[in-house]
2 protein chains.
Amino acid sequence: MTVLVTGGAGFIGCHLCEVLVARGERVVVLDNLLLGRRAHLAALDGNAAFTFVEGDVNDAPTLDALFAEHRFDAVFHLAANSDIAVSHADPAVDFDATFRTSWSVLDAMRRHGTSRILFASTSAVYGEATGAIREDHGPLLPISHYGAAKLASEAFISSFVGNYGIRAWIARFPNVVGDRSTHGAIHDFARKLAATPDRLQVLGDGSQIKPYLHVDDLVDALLLAWETMDAPVNLFNVGGTTRCSVRRMAEIVVEEAGGTAEIAYAGGDRGWIGDVPSVDYDTTLIRSLGWSPRLDSEGAVRAAARWALHAAGVTA
Amino acid sequence: MTVLVTGGAGFIGCHLCEVLVARGERVVVLDNLLLGRRAHLAALDGNAAFTFVEGDVNDAPTLDALFAEHRFDAVFHLAANSDIAVSHADPAVDFDATFRTSWSVLDAMRRHGTSRILFASTSAVYGEATGAIREDHGPLLPISHYGAAKLASEAFISSFVGNYGIRAWIARFPNVVGDRSTHGAIHDFARKLAATPDRLQVLGDGSQIKPYLHVDDLVDALLLAWETMDAPVNLFNVGGTTRCSVRRMAEIVVEEAGGTAEIAYAGGDRGWIGDVPSVDYDTTLIRSLGWSPRLDSEGAVRAAARWALHAAGVTA
């Protein structure tokens, strides 16, 4: 098939594109390179099955030209503002980059008759829900604009399915880590250690505890769901069953950096407004299809820490 | 308090404004009169507590000027595309009029420090859910763009609450009927009888069965919730516990018209794409606050039919 991957130069997108091309699919990436990096897709350069287009998903003429030229069988829609904390001061960031991109993609699919979409949603749609959150949790009261924009995207995906015979796969996942990550706590810790090798300042009190998923495990889950789920709207959680605290994450990063830095906590129960201090997650559905992550949360964090420390110049 | 009522010239808005002014509140209506009608607010003309402004909620300069001038204590956000069926052919109608208006209002509230919003949501957020639907129903898979746009609005209301100390009241209600209604099946039936008094053509097979709420009962529920619920986000269903089929509605309209027309059904289980054939509804929460509708579904339909037949010139 020929797939449009929006945000394909982003952290998750570049991994997904490599796997798709390896499986024999034709991949067209549309990315405005605001958060994505062209270099992330270096491994695919020169591959006849791969095309990179620098452009904005919200630019309708760009999108129309792409859909007309490539007659996509599917869209894997990953383009979004991936820096959740930034939009407290400017909610228009998530309105445009996280929500309106979804609307733009859906309306292009309608105009051009593209019938399948895979959407990268988020555990942030569940807001401050507690307990092991299942896909049918309600009500959905996101506290970040990022979560709101993803939920708003899901809403219109659902109505486009209802109106135009489109089918959808919606993956809700929490923090994903791994190589080529461009933001997040591990990335921040590595940069801080590059600047001040003997001290690591951590936002919050370190007690935030979440599941972390390695990007390779996420890509496996996305493609397994794509191939095996067949409802009009296929909504599923993906995440590790184990969790890792920010405290443990900081320790792992310091261990991987050589173990000499002192860790200092700023205090408070969360790092920034819109963050959710504790997340647990029910992944029974995707596991029932045969998926399980190869790395648990601490393992994923450690693998990501090694890469981030190397990228930041802390380790050789 | 001083309240901005968006869509205040619409069917529900005009009733709400009359009650608010009667209770001593200052009311400013912003309505673009695309669906609302200036004449609906005739009873308030000349009242010093009432101001009408013709303008579009999505026009930021208009909104900024209004917020700066009136320093609203609250926004009752009712502006929307109320004709659900139209947006199958053009989803941008609900994107702009039903969703983006909500975004525009929320961002103006953030910029001007307005801290309370009451939002007219819909049972359409529940999609084709079956059984007695509670507020915590999930997953939410709307099949109409109208339902999607309302759910997307709820999502951002929730994140604005999470970010800026805003508080919200979100009412999810199904079909509302009564005087000054400008669309819907009763309205259509009355217009058809005005054109062909001896025959009433009905879309679908008449088996669609839904709760109908009289607009006066809805306004009571909205203001009771506003005064008694005090969570950051107060989400509640409103609706009658009884239901009325389209067949019974057609019979009531014909009875009120004089009882001579023959009723003919077009067949199929729904009237148009995006319609939901059967809706049931759990209103335990709002009833626990002391609310109950004065009219049941058939009573509400009959009261609305009398007004619509008179407005259409069928009855004197």
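Quick notes
- Per-region count, region B:188-197, residues crowded, with 19+ Cβ neighbours inside 10 Å and of a type in the set (S, T, N, Q): 0
- Close pairs from region A:146-172: first farther than 18 Å from B:PHE160 by Cα and more than 8 Å from chain B (Cβ to nearest Cβ), partner in a helix (DSSP H, G or I) and not aliphatic (A, V, I, L, M), Cβ under 6 Å, at least 6 apart: A:TYR164/A:ARG110; A:ILE166/A:PHE160; A:TRP169/A:TRP226; A:ILE170/A:GLU154; A:ARG172/A:SER123
- Residue count, region B:40-64 (criterion: closer than 15 Å to B:GLY7 by Cβ and of a type in the set (Gly, Ala, Ser)): 1
- A:GLU251, sole failed condition from (1) touching a helix residue (DSSP H, G or I) at 6+ places or on another chain (Cβ under 8 Å); (2) at pLDDT 95 or above: (1)
- Checking the stated criteria, B:ASP94 turns out to be under 16 Å from B:ALA79 (Cα atoms), crowded, with 24+ Cβ neighbours inside 10 Å and more than 13 Å from the chain's Cα centre (by Cα).
- Of the helices (runs of 4 or more DSSP H) that lie entirely inside region B:202-316, those containing 3 or more residues that are of a type in the set (Gly, Ala, Ser) span B:297-311.
- Residues that are out of contact with any helix residue (DSSP H, G or I) (no Cβ under 9 Å at 6 or more places or on another chain) and either in a strand (DSSP E or B) or under 24 Å from A:LEU223 (Cα atoms) (or both), drawn from region A:165-201: A:GLY165
- Residue within region A:200-212 that is touching a strand residue (DSSP E or B) at 6+ places or on another chain (Cβ under 8 Å) and β-branched (Val, Ile, Thr) present: yes
- Of the residues making up region A:124-159, those that are closer than 22 Å to A:THR228 by Cα, of a type outside the set (A, V, I, L, M) and surrounded by 24 or more Cβ atoms within 10 Å (Cβ to Cβ) number 2.
- Every residue from region A:281-297 that is touching a residue at least 60 places away in the same chain (Cβ under 8 Å) and not aromatic (Phe, Trp, Tyr): A:ASP282, A:THR284, A:LEU285, A:ILE286, A:LEU289, A:GLY290, A:PRO293, A:ARG294, A:LEU295, A:SER297
- Filtered by the rule that a residue be touching a strand residue (DSSP E or B) at 6+ places or on another chain (Cβ under 8 Å) and of a type in the set (D, E, K, R), region B:57-85 gives B:ARG71, B:ASP73.
- Looking only at residues in region A:105-145 that are part of a loop (DSSP other than H, G, I, E, B) and of a type in the set (S, T, N, Q), the one that is nearest to the other protein chains (Cβ to nearest Cβ) is A:SER144.
- When B:GLY258 is tested against (1) more than 23 Å from the chain's Cα centre (by Cα); (2) at negative phi, exactly one condition is not met: (2).
- Qualifying residue in region B:167-187 (condition: farther than 21 Å from B:VAL93 by Cα, in contact with a Pro (Cβ under 8 Å, 6 or more places away or on another chain) and surrounded by fewer than 20 Cβ atoms within 10 Å (Cβ to Cβ)): yes
The values are calculated or read from the model by the stated rules, or taken from the named source; none is laboratory data. Note that the coordinates shown come from a computational prediction; the quantities given were computed from them, not determined experimentally. Counting neighbours? That spans all protein chains shown, and the Cβs are built from the backbone with ideal geometry, glycine included.
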